[in-house]
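Written below as structure tokens is the structure these notes are about.
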Amino acid sequence: PSTALGTNGSPLDVLSDFPAIPADWSYLDTAATSQKPQPVIDAITRAYGETYATVHRGVYQRSADMTIAYEAARERVARFIGAGSANEIVFVRGATEAINLVATCWGGTTLKAGDRILLSQLEHHSNIVPWQLLRDRTGIEIDVCPLTADGKIDLDAAEAMLTPQHKLVALAHVSNVLGSVLDVRCAADLAHKVGAKLLVDGCQAVPRLPVDVAALGADFYVFSGHKLYGPSGIGVLWARPELLDAMPPYQGGGSMIDRVSFERTTYAPPPQRFEAGTPHIVGALGLHAAIDYVEGIGLPAIHAHETALVTATREALRGINSVTLFGPEDSAGIVSFAMEGVHPHDIGTILDEGQVAIRAGHHCAQPLMEALGVPATARASFGVYNGLADVDALVRGLERVRRIFG
Ligand code: PMP
């Protein structure tokens, strides 16, 4: 990135890579889903428009080439998160499916009544409900780690809560509401000390922090492609190979088998064992292009840029009468807030009239809303395309909200 500021006040100056973001629109909902850069759109267009065929069963060249491209995407994901091998990468629909897969295939065969798992107060519903479904099936107990006063997962509390009955700790790397960053290495050490595994929900981390699963010490790591500037409908489950090897299939169908007869079916090794049916071929190719794109900019540069935007936003919002800020000062890419006497949905609607798109609601984190003592928050979340011009537009919009509501 150049040191000069781009048209929208961003040192990354990549706004022009994003055809779906008009110059007069401030898109501040990247935590929900990111906009797509031209190289990702091109990869998808090329795949459907020029090179399309099925994978893993072609006796013709086009299919063999597509298989190579699909498996190259798996290799690219493995390199991106520091996996030991592409065989540790399972393509899924997204983080939600990845967590359900782990809950069903690992939890359903490993955990039994009386075992405990530890979640945190700030988890996304997708890292709560699959475990409740598992609890209903198996009789496991779910414990909830509280947060520190500034909205981080309280690892001291986690250490005090963990017992040898705990078999799994499942936590968000970065909160989708508060932007709080977890010290994953520390969480892994705490989990492993009592013999538990650590699952990390990396949805909001991979678009902004370099991730190395080996260095982090996680056992499972999951994320969605669509928050990483890639397509929707594709996501990743990484797990330690010995865990994947021991897990039974998630769904049955084509591609996941070794041999099928009506008497007995044997299964393919991971990752194919967990990818029943024709996969989201083009999604994988789009994800490959997205990873190339973010690594082309550089995750340290992205993180530094978003941190500057968060700092500027928090500073500006503190200057607006009756705004409450949630989350830690060092939040990664996300600022949640409330305005006294104004429902977050009204904030969102008025901002939209001024071409500023934020999210308002519970952000699929109702237990966190309860802990914060609010029904909902307004949330501005940043991506590579945002600049200080977007922060200015947000602040102007909020001043208008203030005027309208007196
Ligand atoms: N975890 C976190 C932290 C998220 O932000 C999200 C998406 N909002 C999810 C899980 C679920 O991701 P998806 O809907 O793509 O499966």
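The values are calculated or read from the model by the stated rules, or taken from the named source; none is laboratory data. Just so we're clear, the structure is a prediction, and the values are computed from it rather than from any experiment. Glycine gets a Cβ as well: all are built from the backbone with ideal geometry, and neighbour counts include every protein chain shown.
Screening the stretch 98-114 for residues that are within 11 Å of the ligand (Cβ to nearest atom) and of a type in the set (A, V, I, L, M) and picking the one that is nearest to A284 (Cα to Cα) gives A98. So which residues in the stretch 125-158 are among the acidic types (D, E) and crowded, with 16+ Cβ neighbours inside 10 Å, if there are any at all? Result: D143, D154.
Looking at the stretch 67-76, is at least one residue within 16 Å of the ligand (Cβ to nearest atom) and either crowded, with 22+ Cβ neighbours inside 10 Å or assigned by TED's automatic domain parsing to the domain that holds K167 (or both)?
no
Residues in the stretch 176-235 that are within 11 Å of the ligand (Cβ to nearest atom), closer than 18 Å to V384 by Cβ and among the charged types (D, E, K, R): K227 alone.
Is there a residue in the stretch 115-124 that is more than 16 Å from the ligand (Cβ to nearest atom) and polar (S, T, N, Q)? No: zero hits.
Residues of the stretch 145-175 that are within 16 Å of the ligand (Cβ to nearest atom) and either of a type in the set (A, V, I, L, M) or not in a loop (DSSP other than H, G, I, E, B) (or both): C145, L147, I153, V169, A170, L171, A172, V174.
For the stretch 352-391, a residue qualifies if it is β-branched (V, I, T) and assigned to a strand (DSSP E or B), and the qualifying residues are V356, T377. Those residues that are within 16 Å of the ligand (Cβ to nearest atom) and not in a helix (DSSP H, G or I), I need them from the stretch 83-97; list them, please. Of everything in the stretch 83-97, those that are within 16 Å of the ligand (Cβ to nearest atom) and not in a helix (DSSP H, G or I) turn out to be V90, F91, V92, R93, G94.
Answer yes if at least one residue in the stretch 68-82 is under 22 Å from R240 (Cβ atoms), among the acidic types (D, E) and either without any contact (Cβ under 8 Å) to a residue 60 or more places away in the chain or in a loop (DSSP other than H, G, I, E, B) (or both), and no otherwise. Within the stretch 68-82 (the criterion being under 22 Å from R240 (Cβ atoms), among the acidic types (D, E) and either without any contact (Cβ under 8 Å) to a residue 60 or more places away in the chain or in a loop (DSSP other than H, G, I, E, B) (or both)), the answer is yes, since at least one residue qualifies. Of all positions in the stretch 169-179, none carries a residue that is within 19 Å of R76 (Cα to Cα) and touching a residue at least 24 places away in the same chain (Cβ under 8 Å). For the stretch 326-337, name all the residues that are part of a strand (DSSP E or B) and among the hydroxyl-bearing types (S, T, Y). The one that is part of a strand (DSSP E or B) and among the hydroxyl-bearing types (S, T, Y): S336. Filtering the stretch 2-57 to residues that are within 16 Å of the ligand (Cβ to nearest atom) and part of a loop (DSSP other than H, G, I, E, B) leaves L28, T30, A31, A32, T33, S34, Q35, K36. Within the stretch 98-118, the set of residues being among the charged types (D, E, K, R) and either in a strand (DSSP E or B) or crowded, with 22+ Cβ neighbours inside 10 Å (or both) comprises just one member, R116.
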